[in-house]
Amino acid sequence: MEFEFSLVVDGISVDDELALNSLYEKYDAILLSHQGRTVLVVSYEGPNSIVAAHELLNALKRDLPQISVLRLDADLVGVSDIATRAGRTRQNVDQWIRGTRHGNSVAPFPAAEGIVGRSLVWRWSEVNEWLEGQGLGDGVKRPNRDESFMIDLVISQTLQTLRGGGLAIEVVAKQDDRFSDRMVAMNLLGEAIQDAQFLESLQTLPRKNSHRLKVVCSVLLDPLSEVVEQLGEGELSGALAAISTEGALHLTPIAVTRLPGTVSVREMGLGKDATVGDLILLQVNGRLDQGTPLSLEFA
């Protein structure tokens, strides 16, 4: 699936013809500059927007190291902007906002993001998703609000790593009918990893890239075997994030194979059919400390 990202960047200008040509040839990207802010509009493929954004950041760092990605651009729009992009009148948009005209959609118009000057503004990604139900969207997939939060977190962590001051977090989550539940774990994870001491506790196991920690966000019904698959080929270890039935975040260091310092889940009585919920139940019952690194090798 392809997603479009609007990235606020530094280290490049619209006058840099060589870099612009490279962006166009390799990424079919557009670079815009307005009031001292430079925005790179680029599309990239991935199973979900978070993974696609992570892969895009790595690709940009490799191909154009002079570019520094600072954050996502929220692409805020007012009534006039929405009318122009949807090909409708301001009156139509006002009716959508007030709820007096829903067209083909039963969903309410998205809530405003805030106020600029005296006017309400909305996230274009949310408005466009609503417009898709009217047959008026532009057909482009963009990160939603929760996904944008996690992508900004990935960008922040990547910047810290490049400056030599932090660990880059790569968040992965299976995108199915329970993806929204996994987003709950992602949001709590975003708060937790602001604590440097908390992060240090997750760095005990060797990884393919010592400066990057892959965190798999799961729900209780997910098989533990799928967690291993999501860590990816060649990865040695990472972390598992999930929410207990009590609403608490459980973040557990995990290894693909039996590494020194790990406890095998088989020793804890968990077999190939064990779920994330089975693991968390052991932690909740006190049979297993949440910070204990686990080997998820079942063979």
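The values are calculated or read from the model by the stated rules, or taken from the named source; none is laboratory data. What you see is a predicted model; the values in this text were computed from it and never measured. Cβ sites come from the backbone with ideal geometry, for glycine too, and all protein chains shown count toward neighbours. For accessibility, only protein heavy atoms count, side chains too; no ligands or nucleic acids. Shrake-Rupley method; radii C 1.70, N 1.55, O 1.52, S 1.80 Å.
Please identify the pairs in which a residue from region 272-299 that is at pLDDT 90 or above has its Cβ atom under 9 Å from the Cβ atom of a residue that is basic (Lys, Arg), counting only partners at least 6 apart or on another chain.
Listed pairs, sorted by first residue: Leu281/Arg287; Ser295/Arg258; Ser295/Arg266.
So Thr204 fits all but one of (1) at pLDDT 85 or above; (2) out of contact with any helix residue (DSSP H, G or I) (no Cβ under 7 Å at 6 or more places or on another chain); (3) among the polar types (S, T, N, Q); what number is the exception?
(1)
Consider Leu120 carefully, then state whether it is surrounded by 18 or more Cβ atoms within 10 Å (Cβ to Cβ) and either touching a helix residue (DSSP H, G or I) at 6+ places or on another chain (Cβ under 6 Å) or modelled with pLDDT of 85 or more (or both).
Working: surrounded by 18 or more Cβ atoms within 10 Å (Cβ to Cβ): no; either touching a helix residue (DSSP H, G or I) at 6+ places or on another chain (Cβ under 6 Å) or modelled with pLDDT of 85 or more (or both): yes.
Criteria not met by Leu120.
Quick one: in region 194-220, of everything that is open to solvent by 70 Å² or more (accessible area, probe 1.4 Å) and touching a residue at least 24 places away in the same chain (Cβ under 8 Å), which residue is nearest to Ala168 (Cα to Cα)? Talk me through it step by step, then tell me what you get.
Filtering region 194-220 for residues open to solvent by 70 Å² or more (accessible area, probe 1.4 Å) gives 194-195, 197, 200, 203-204, 208, 210-211.
Subsequent filtering for residues that are touching a residue at least 24 places away in the same chain (Cβ under 8 Å) retains 203-204, 208, 211.
Values: Gln203: 11, Thr204: 15, Lys208: 13, His211: 6 Å.
In this case the residue turns out to be His211.
Condition first: open to solvent by less than 10 Å² (accessible area, probe 1.4 Å) and either small (Gly, Ala, Ser) or in contact with a Lys or Arg (Cβ under 9 Å, 6 or more places away or on another chain) (or both). Now tell me which residues in region 245-264 satisfy that.
Residues satisfying the conditions are Ala255, Ser264.
Restricted to region 87-117, and to residues that are β-branched (Val, Ile, Thr) and modelled with pLDDT of 90 or more, which residue is nearest to Ser6 (Cα to Cα)? Talk me through it step by step, then tell me what you get.
Residues of region 87-117 that are β-branched (Val, Ile, Thr), as a first pass: 89, 93, 97, 100, 106, 115-116.
Checking the rest, the ones that are also modelled with pLDDT of 90 or more come to 89, 93, 97, 115.
Working: Thr89: 26, Val93: 24, Ile97: 25, Ile115: 21 Å.
Per the stated criteria, the residue is Ile115.
Go through Glu267, Glu235 for me and flag whichever is open to solvent by 70 Å² or more (accessible area, probe 1.4 Å) and not small (Gly, Ala, Ser). Walk me through it before giving the result.
Working: Glu235 fails: open to solvent by 70 Å² or more (accessible area, probe 1.4 Å).
Going through Glu267, Glu235 in turn, the sole match is Glu267.
Among the numbered criteria (1) over 18 Å from Gln290 (Cα atoms); (2) part of a loop (DSSP other than H, G, I, E, B), which single criterion is violated by Glu246?
(1)
Looking only at residues that are farther than 18 Å from Gly247 by Cβ and surrounded by 15 or more Cβ atoms within 10 Å (Cβ to Cβ) in region 176-193, which one is modelled with the lowest pLDDT? Steps first, answer last, please.
If we filter region 176-193 for residues that are farther than 18 Å from Gly247 by Cβ, which is where we start, we get 176-177, 179, 193.
Now narrow it down to the ones that are surrounded by 15 or more Cβ atoms within 10 Å (Cβ to Cβ): 179, 193.
Working: Phe179: 81, Ile193: 72.
Taking the candidates together, the pick is Ile193.
Residue by residue through region 270-299, note down the ones that are part of a loop (DSSP other than H, G, I, E, B), farther than 21 Å from Glu229 by Cα and open to solvent by 40 Å² or more (accessible area, probe 1.4 Å).
Residues satisfying the conditions are Asn285, Gly286, Arg287, Asp289, Gln290, Gly291.
Given the structure, is Ser43 more than 30 Å from Leu18 (Cβ to Cβ) and not hydrophobic (A, V, I, L, M, F, W, C)?
Details: more than 30 Å from Leu18 (Cβ to Cβ): no; not hydrophobic (A, V, I, L, M, F, W, C): yes.
In short, no.
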